[in-house]
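Accompanying notes for the structure given below.
The values are calculated or read from the model by the stated rules, or taken from the named source; none is laboratory data. Since the model is a prediction, treat every value here as computed from it, not as a measurement. Counting neighbours? That spans all protein chains shown, and the Cβs are built from the backbone with ideal geometry, glycine included. Note: accessible area is taken over every heavy atom of the protein model, side chains too, but ligands, DNA and RNA are not part of it. Shrake-Rupley method; radii C 1.70, N 1.55, O 1.52, S 1.80 Å.
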Amino acid sequence: AREHPDDRKLRTDLIAAYAALKRPAEIDRVLASALKKNPKDVLALEQRAEISLGRGDYHAAEADLNVAASFLPASPELHYLRAQLHRLRGQALSYRQELSETLRLAPAALEVRIELAASTIYDKGGSALDVLDGAFKAQKSTVPFLVARNWALYAKGDLLEMRKGIEAGLADPK
């Protein structure tokens, strides 16, 4: 990473290694150095925001996300991190709005689709089913999708369809 300071993949790997070793001071140093060199480095801002979220410093995370979004407003990753910020703050409506925006920008993000469905499942399952029905055809046969859909059907009270979903999941040889 020292030999190639502009290589963002190497920097990301270095940050992951420092995180695994529980060395937050080094993570801060690497990100501060990157942002000193280029204050518009959206990836570094995103990474620092993610670290701040993990530390519970929501104000710092929000500040970094706002700066990053001013440079790259259509980033699904930034919207997803904003969603997590709202979730941690207990702002359910904003959380769902940011997850929806993430899906609009990255419709193939099945994990985000399932997370949004899970956040709406207590609305008697209807909204969750609408979210899940927007998944791509290939995603609809995956076990995580089937599990999420079955929970939504259970919340809705549609036990017959839920049973069909369970059978479809059990039929998967994996």
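The table that follows gives values for the structure above.
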read-out: Unique residue being over 16 Å from the mean Cα position of the chain (by Cα), of a type in the set (Val, Ile, Thr) and over 30 Å from ARG48 (Cα atoms) when the list is VAL67, VAL147, VAL131; value: VAL147
read-out: Single condition HIS59 does not satisfy, out of (1) under 18 Å from LEU72 (Cβ atoms); (2) under 22 Å from the mean Cα position of the chain (by Cα); (3) at pLDDT 95 or above; (4) open to solvent by 60 Å² or more (accessible area, probe 1.4 Å); value: (1)
read-out: Cross-chain or 6+ apart pairs with Cβ under 9 Å, the stretch 41-67 first and of a type in the set (Asp, Glu), then in a loop (DSSP other than H, G, I, E, B) and buried (at least 16 other Cβ atoms within 10 Å of the Cβ); value: GLU46/SER75
read-out: Criterion (open to solvent by 40 Å² or more (accessible area, probe 1.4 Å) and closer than 21 Å to GLU77 by Cα) met by exactly one of ALA108, ALA138, ALA117; value: ALA108
read-out: Condition check for LEU93: surrounded by fewer than 22 Cβ atoms within 10 Å (Cβ to Cβ), modelled with pLDDT under 95 and over 14 Å from ALA135 (Cβ atoms); value: yes
read-out: Matching residues, the stretch 92-136, being of a type in the set (S, T, N, Q) and under 20 Å from GLU46 (Cβ atoms); value: SER94, GLN97, SER100, THR102
read-out: Within the stretch 1-44, considering residues that are hydrophobic (A, V, I, L, M, F, W, C) and surrounded by fewer than 12 Cβ atoms within 10 Å (Cβ to Cβ), the one nearest to LEU65 (Cα to Cα); value: ALA25
read-out: Odd one out for ASP158, checked against (1) in contact (Cβ under 8 Å) with a residue 24 or more places away in the chain; (2) surrounded by fewer than 13 Cβ atoms within 10 Å (Cβ to Cβ); (3) among the charged types (D, E, K, R); (4) more than 30 Å from ARG48 (Cβ to Cβ); value: (2)
read-out: Unmet requirement for ARG163, which otherwise passes all of (1) surrounded by 13 or more Cβ atoms within 10 Å (Cβ to Cβ); (2) farther than 30 Å from ALA69 by Cα; (3) among the basic types (Lys, Arg); value: (1)
read-out: Subset of the stretch 33-56 (residues that are closer than 15 Å to ARG11 by Cα and either more than 17 Å from the chain's Cα centre (by Cα) or of a type in the set (A, V, I, L, M, F, W, C) (or both)); value: SER33, ALA34, LEU35, LYS36, LYS37, ASN38, ASP41, VAL42, LEU43, ALA44, LEU45, ILE51
